[in-house]
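The numbers here are math on the coordinates, done by the rules we state, and not lab data. This one's a predicted model, so the numbers in the text were calculated from it and none came from an experiment. Note that each Cβ is placed from the backbone with ideal geometry, even for glycine, and that neighbours are counted across all protein chains shown.
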Amino acid sequence: MNLNSDPSEASNSAVCPVEVPETSPGDKSCQKKSKLPEGQKILVVDDDIPLGKFLSRELKSRHFLVEVNHDGETACASLEQSAFDLVILDWNLPKMSGMGVIKQIRPIQPSLPMLVLTARNRTEDVVSALQQGADDCLTKPFSFLELIARVNCLLRRNSTSTTLVTSSKVGNLSINREEHWVMRGERRIDLTAREFVLLDYLMNNVGKPVSRATLMREVWNIAIDSTSNIVDVYMKYLRDKIDSNEEVKLIRTVRGVGYVLSND
């Protein structure tokens, strides 16, 4: 069922750009397939009030704690005052755009998962959102079950990352996940949130060649057509910051495969 009606025509049914599953929240088979950790808090930010209400109701039915904001400035205030496990926000928001929210919050909460909802469906727009710090991007109209699957994936990935060892070292390259810093010898390296996640993934797979497709799936949590060079662009950023002026190059290209981080 695809709900794309004009919000002004909303009555007793939810009106939002979402394909709602035919099963009800009380359907045990549906709940079993979509089971998620209970008690986690999600911030939903969308100026489409019916959509916000719908998402809040459905997420609460799956045992999430939910707060709904309708503009970017209020969202920033909420994120600065309260702790959330995940943010779902629209790209186009009043007062401050979704990208503006991410830009302001990322330095404060670099590991907070942020899922962007947008009516923009061009690959360039998705890439832009990811480059600006979004963890995932979902195009409207979308299936609610797909949204739940992506939420589950982001929360699982974030939960897994918090159980990893606090720090790792490859050669003279060190990373501290808790304090969010990177050092090459005595030199401190400033990385963006996305660069940090990318380096973290490489350090968790030291010596293993990793394909571009794997990096897109694991670091960006999205599949993009083969013409996108976003992985290569970010690997260049990392190399410039990590290997520049260093005798030993740690990040290497594996021809026909992808990249590897190694001190061998």
Write out the trypsin sites (Lys or Arg not before Pro) in the range 58-134 meeting two conditions: DSSP loop, and at most 14 other Cβ atoms within 10 Å of their Cβ.
K95, R122
Nearest-20 debye value, the range 109-264 charge dipole, Cβ charges on Lys, Arg, Asp, Glu:
220 debye
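Provide V151, V182, V233 in ascending order of the number of other Cβ atoms located within 10 Å of each residue's Cβ, fewest first.
Numbers: V151 24, V182 21, V233 11.
Listed from fewest to most nearby Cβ atoms, that is V233, V182, V151.
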Distance between the range 166-198 and the range 50-80 - C-alpha centres, whole angstrom:
33 Å
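Compactness ratio of the range 167-261: Cα Rg over 2.2 N^0.38 Å, N = residue count? Numbers along the way, then the final one.
Values: Rg = 12.8 Å, N = 95, 2.2 N^0.38 = 12.4 Å.
For the range 167-261, the normalised Cα radius of gyration comes out at 1.03.
Would you list L155, L117 from fewest to most Cβ contacts within 10 Å? Spell out each step's value before the answer.
Details: L155 18, L117 25.
Ordered by Cβ neighbours within 10 Å, fewest first: L155, L117.
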Exposure proxy ranking, count of Cβ atoms within 10 Å, fewest first, for V248, V101
V248, V101
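Taking the Cβ of D71 as the centre, find all other residues whose Cβ is under 13 Å away and add up their charges (Lys, Arg: +1; Asp, Glu: -1).
Details: positive: K95; negative: D46, D47, D48, E73, D90.
Computed value for this residue: -4.
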Give me the percent of DSSP beta bridges within the range 94-199 that run antiparallel, rounded to the nearest 5.
75 percent
